[in-house]
Amino acid sequence: MSGLVNALAIVAVVAVVIARQFGARAIATDRRWWLLPVVLVVIALREPGILDAHHRAESAALLTAELVIGLATGVGWGWTTRLWTAPDGTVWTKSTKASIAVWTVGIALRAGVFALGAALGLRQDSSALMLGLAGTLLVRGGILVWRTQSFAPARRLAPAYGGDNPSAWKERV
């Protein structure tokens, strides 16, 4: 794929993911939450120019920085997302204002890495950004699935005094 197509794919994925996360939605842990990140990794690694051929060490350092920023953003996003159970036991999620801050810092750091690469005269490919985004989504999804498992006992509790619905429990962030 060309750099323009990769850039458009990245913008589309980010827009859809962010828009979906700021509305409440049920989490289904049996779904393939890891599929989109894996597709992004495959697309990114298909491109031959992920590292600048003339500046391999510097390019690898920037790629590593991009991946670390992506993973840290995923961790921050996963831990700042609010989880709660509905009366029927379904676990729901919604990103918070702190999640917006995590995304803002992550985007600013990525822009800084890109600016540093441009200042060093490195040819930068969108594949690094796509790998960072894949890391963000994979880590965030894994953390949410892991956090959701802590709600499992609440869903299996017998209702008190013969009621049909167990009480809803909300986790504070």
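Step by step: first the residues of the stretch 128-173, then only those that are under 14 Å from A28 (Cα atoms) and basic (K, R), then the one that is modelled with the lowest pLDDT. Which residue is that? The selected residue is R155. Scanning the stretch 42-73 for residues that are β-branched (V, I, T), buried (at least 18 other Cβ atoms within 10 Å of the Cβ) and modelled with pLDDT of 85 or more gives I43, I69, T73. State all residues of the stretch 20-41 that are surrounded by fewer than 16 Cβ atoms within 10 Å (Cβ to Cβ) and outside any helix (DSSP H, G or I); if no residue qualifies, say none. Correct list: F22, G23, A24, R25, A26, A28, T29, D30, R31, R32, W34.
What residue, of V139, V145, is open to solvent by 20 Å² or more (accessible area, probe 1.4 Å), under 17 Å from the mean Cα position of the chain (by Cα) and farther than 22 Å from A7 by Cα?
Of V139, V145, the one residue that is open to solvent by 20 Å² or more (accessible area, probe 1.4 Å), under 17 Å from the mean Cα position of the chain (by Cα) and farther than 22 Å from A7 by Cα is V145.
Just one of the listed residues (W79, W84, W103) is in contact (Cβ under 8 Å) with a residue 60 or more places away in the chain, open to solvent by 10 Å² or more (accessible area, probe 1.4 Å) and more than 15 Å from the chain's Cα centre (by Cα), and it is W84. Does the stretch 120-127 contain at least one residue that is open to solvent by less than 60 Å² (accessible area, probe 1.4 Å), out of contact with any strand residue (DSSP E or B) (no Cβ under 7 Å at 6 or more places or on another chain), part of a helix (DSSP H, G or I) and modelled with pLDDT of 90 or more? There is no residue in the stretch 120-127 that is open to solvent by less than 60 Å² (accessible area, probe 1.4 Å), out of contact with any strand residue (DSSP E or B) (no Cβ under 7 Å at 6 or more places or on another chain), part of a helix (DSSP H, G or I) and modelled with pLDDT of 90 or more.
Flag not set for V17, criterion: over 14 Å from the mean Cα position of the chain (by Cα) and either more than 21 Å from G117 (Cβ to Cβ) or open to solvent by 60 Å² or more (accessible area, probe 1.4 Å) (or both).
The residue that is farthest from L133 (Cα to Cα), counting only those in the stretch 87-97 that are in a strand (DSSP E or B) and open to solvent by less than 20 Å² (accessible area, probe 1.4 Å), is V91.
In summary, G49 fulfils each of the numbered conditions (1) in contact with a helix residue (DSSP H, G or I) (Cβ under 9 Å, 6 or more places away or on another chain); (2) assigned to a helix (DSSP H, G or I) with the single exception of condition (2).
Might you check whether a residue that is part of a strand (DSSP E or B) and in contact with a Phe, Trp or Tyr (Cβ under 8 Å, 6 or more places away or on another chain) occurs anywhere in the stretch 98-110? No, the stretch 98-110 has no match at all. Taken over the stretch 32-46, the residue count meeting the criterion of being free of Cβ contacts under 8 Å to residues at least 24 places away in the same chain and over 16 Å from the mean Cα position of the chain (by Cα) is 1.
The values are calculated or read from the model by the stated rules, or taken from the named source; none is laboratory data. On a predicted model such as this, the values are computed, not experimentally measured, just so you know. Glycine also receives a Cβ, built like all others from the backbone with ideal geometry; neighbour counts cover every protein chain displayed. Side chains are part of the model used for accessible areas, which takes the heavy atoms of the whole protein and leaves out ligands, DNA and RNA. Shrake-Rupley method; radii C 1.70, N 1.55, O 1.52, S 1.80 Å.
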